[in-house]
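A.B. asks: Handing you this structure, nothing more for now.
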Amino acid sequence: MKTIGKRFFSISFFLFLLFAANSFANEDSSVIDIPEEFEGVQDVLDIESGAALENDIISEEDAVQEKNECQNFLDFLKRIRMLDTPTDVFSASVKDSGRRFLTSFANGKYQRRFYDENLRLEKVEYWKISSSSDSNFLERLVTYNPPEPSTGVYSIFERDYSQKTESRTFYHPNGKIKSQRKNYFDKDGLLTAFEIFTCKYNSSYKALQERLQKYSVNGKKIALESDELNTTKYEGEKIAETSYYKNSILRVRTFYGEDDKFVRATYFDGGVIVRDFYKGNIKLSSSIDDGDDDEI
């Protein structure tokens, strides 16, 4: 009876997969208008991704039981099309277009990974599923795109349905982030806020400037709520100085010296400056005074 119930679950599960595939085949994944720096760059991406697998040690008795309960379903070429165990389910399918997708189920959740005809990852769907069809919903969608031919820049689009956010991130060919826009929505799906992050590098791809701008949205009104800027100066390969600006006002500047020594100056309204002197990560002393920004 247990086996029949298990087989029934597997059949029901994959019927649900077919239904979900049809339901989301024509889903509109468009986003709101993107600022100029996000326009004209083709949605792109071809990245390597993966996660380390932990080595679980199981007893010989458990190994025998798992082997007996594990079911392999092969096609006529003896290739695995579905793997069914007491804890998870895995299946592989090929569409007429040559695209392939892999489905895995474990711990009440399942993923669908879509690949193009060149076996490049295109999209991953993260679903939450239970015995009640009313509880099945798409939690997160991540879309990957191949690099743009002229620049090699690629992007990732992510929509988080549970957090009501979506983001589009652009990367340089070496994997360094170029820019990102993240949108926030209310329970009715209306845009309430968004953030824009940009990063500039030197010829060695060391970050020179990182900027995060936060905006609020009220109907058609958009207001800049916060503008944070981090800058870095180098002497050769070593960092010489970093600065942090909040809404165009210098707030923190750090000067780096020899022997792991550095001084961090924090600037407050009214001209008050607090200087902290460090060696390594140990603070040696502090001072509070009014003075010239460039003095240490």
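The values are calculated or read from the model by the stated rules, or taken from the named source; none is laboratory data. Small disclaimer: the values here were computed from a predicted structure and weren't measured. In this analysis, Cβ positions are derived from the backbone assuming ideal geometry, glycine residues included, and neighbour counts consider all displayed protein chains. With ligands, DNA and RNA removed, areas are computed over all heavy atoms of the protein, side chains included. Shrake-Rupley method; radii C 1.70, N 1.55, O 1.52, S 1.80 Å.
A.B. asks: Amide H to amide H, which residues 5 or more places from TYR201 or on other chains are under 5 Å from it, using H placed in the peptide plane?
C.D. replies: LEU208
A.B. asks: Let me ask something additional. For GLU122, list long-range residues whose amide hydrogen, built 1.01 Å from N in the peptide plane, is under 5 Å from its own amide hydrogen.
C.D. replies: Here the answer is PHE114, TYR115, ASP116, since their amide H atoms fall under 5 Å of that of GLU122.
A.B. asks: Given the pairs LYS164/LYS233; LYS123/LYS178; LYS200/LYS283; LYS246/LYS283; LYS128/LYS214; LYS214/LYS279, which span a C-alpha to C-alpha distance of over 26 angstrom in this model?
C.D. replies: From the list (LYS164/LYS233; LYS123/LYS178; LYS200/LYS283; LYS246/LYS283; LYS128/LYS214; LYS214/LYS279), the Cα-Cα distance tops 26 Å for LYS164/LYS233; LYS200/LYS283; LYS128/LYS214; LYS214/LYS279.
A.B. asks: Another question, then. Note down the nm distance, to one decimal, between modelled labels 7 Å out along Cα→Cβ at LYS279 and at GLU235.
C.D. replies: Calculated label separation equals 1.9 nm.
A.B. asks: Under 5 Å between amide hydrogens, which residues at least 5 positions from VAL153 or on another chain qualify, with H placed 1.01 Å from N in the peptide plane?
C.D. replies: GLU148
A.B. asks: Counting only protein heavy atoms, what percent of the accessible surface of the stretch 184-296 is carbon or sulfur at a 1.4 Å probe?
C.D. replies: Accessible surface attributable to carbon and sulfur in the stretch 184-296 totals 50 percent.
A.B. asks: Are there any trypsin sites (Lys or Arg not before Pro) in the stretch 181-233 that are in a DSSP loop and have at most 12 other Cβ atoms within 10 Å? List them by number.
C.D. replies: Listed in order of number, the matching sites are LYS187, LYS206, LYS220.
A.B. asks: Translational diffusion coefficient of the stretch 119-258 at 20 °C, 1.002 mPa s, Stokes-Einstein with Kirkwood Rh over Cα pairs, in µm²/s as a whole number.
C.D. replies: 119
A.B. asks: Quick check: residue separation of LYS220 and LYS187 times 0.36 nm, minus the Cα distance between them. What number comes out in nm?
C.D. replies: 10.1 nm
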